[in-house]
């Protein structure tokens, strides 16, 4: 079956530090990959996506590259801000079948301090 | 425009009671999903509607759980004979068309079974 594994949190960084949150996946076929973010008190929001191997998704300074050879989709940001404090979820969607449901990792909490 | 809304935002019920959770998707979105998020976990798929019909209900944990979407818009998740293990945040998401990548999530209903 499909699964997503993310690094455990919490991750605590100082403002302007470099961020990496690791994500690896197991899937049949060729999934699309996503990072969702959940800010305190808010619903899940799509942060970025990549739909095929070697694609790079980017948004708000965050980037992730779809690496088929290592089945990974690590999230990176060069300089984090306090406002980036949130829970980040890696997810995949297989492009076969009718449901196109998302399979999520367990989430990684990021805390950025001044 | 209005996003996905869910009511109630919080529901506390006694073990054995029946509950209904409501989801109002974004207007015009044909696909609707229900997920369940337990504490410290990522969302887990429950059921998917395309229009009025449940296209995939493989995530429903047992026959105490049921969902409807009679007019292809609002959906209700129904849980009979609630158990303490049903306590979680129930998330609803909608997607504009089958081919669209992004699912738009509501804020969730936090269900607590005492």
> Which number in (1) farther than 19 Å from residue A:91 by Cβ; (2) in a loop (DSSP other than H, G, I, E, B) marks the one condition that residue B:12 misses?
Replying inline: (2)
> Looking only at the range A:40-59, which residues are in a loop (DSSP other than H, G, I, E, B) and either free of Cβ contacts under 8 Å to residues at least 12 places away in the same chain or within 11 Å of chain B (Cβ to nearest Cβ) (or both)?
Replying inline: A:41, A:42, A:43, A:44, A:51, A:55
> Filter the range B:12-27 for residues that are farther than 14 Å from residue B:91 by Cβ and crowded, with 16+ Cβ neighbours inside 10 Å; which is modelled with the lowest pLDDT?
Replying inline: B:26
> Which of (1) in a strand (DSSP E or B); (2) without any contact (Cβ under 8 Å) to a residue 12 or more places away in the chain; (3) closer than 28 Å to residue A:110 by Cα does residue B:36 not meet, given it meets every other one?
Replying inline: (2)
>> Against the condition at the interface with chain A (Cβ under 9 Å from one of its Cβ atoms), under 13 Å from residue B:23 (Cβ atoms) and in contact with a strand residue (DSSP E or B) (Cβ under 7 Å, 6 or more places away or on another chain), how does residue B:104 come out, does it pass?
In response: yes
> Just checking, which of A:100, A:32 is within 10 Å of chain B (Cβ to nearest Cβ), farther than 15 Å from residue A:9 by Cα and under 13 Å from the mean Cα position of the chain (by Cα)?
Replying inline: A:32
> Assuming residue A:63 fulfils every condition listed in (1) over 26 Å from residue B:32 (Cβ atoms); (2) within 14 Å of chain B (Cβ to nearest Cβ); (3) surrounded by 13 or more Cβ atoms within 10 Å (Cβ to Cβ) apart from one, which condition is it?
Replying inline: (2)
> In the range B:79-100, how many are in a loop (DSSP other than H, G, I, E, B) and either modelled with pLDDT of 95 or more or surrounded by 15 or more Cβ atoms within 10 Å (Cβ to Cβ) (or both)?
Replying inline: 6
> Of all residues in the range A:16-29, which are away from chain B (no Cβ under 12 Å), at pLDDT 95 or above, within 24 Å of residue A:2 (Cα to Cα) and buried (at least 17 other Cβ atoms within 10 Å of the Cβ)?
Replying inline: A:21, A:24, A:25
> How many residues does the range A:60-79 contain that are farther than 20 Å from residue A:2 by Cα and either part of a loop (DSSP other than H, G, I, E, B) or without any contact (Cβ under 8 Å) to a residue 12 or more places away in the chain (or both)?
Replying inline: 4
>> Checking the conditions here, which among B:66, B:45 is assigned to a strand (DSSP E or B), at the interface with chain A (Cβ under 10 Å from one of its Cβ atoms) and either farther than 30 Å from residue A:8 by Cβ or in contact with a strand residue (DSSP E or B) (Cβ under 9 Å, 6 or more places away or on another chain) (or both)?
In response: B:45
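The values are calculated or read from the model by the stated rules, or taken from the named source; none is laboratory data. Please read all numbers here as calculations on a predicted model, not as lab measurements. Virtual Cβ from ideal backbone geometry, glycine too; neighbours counted across all protein chains shown.
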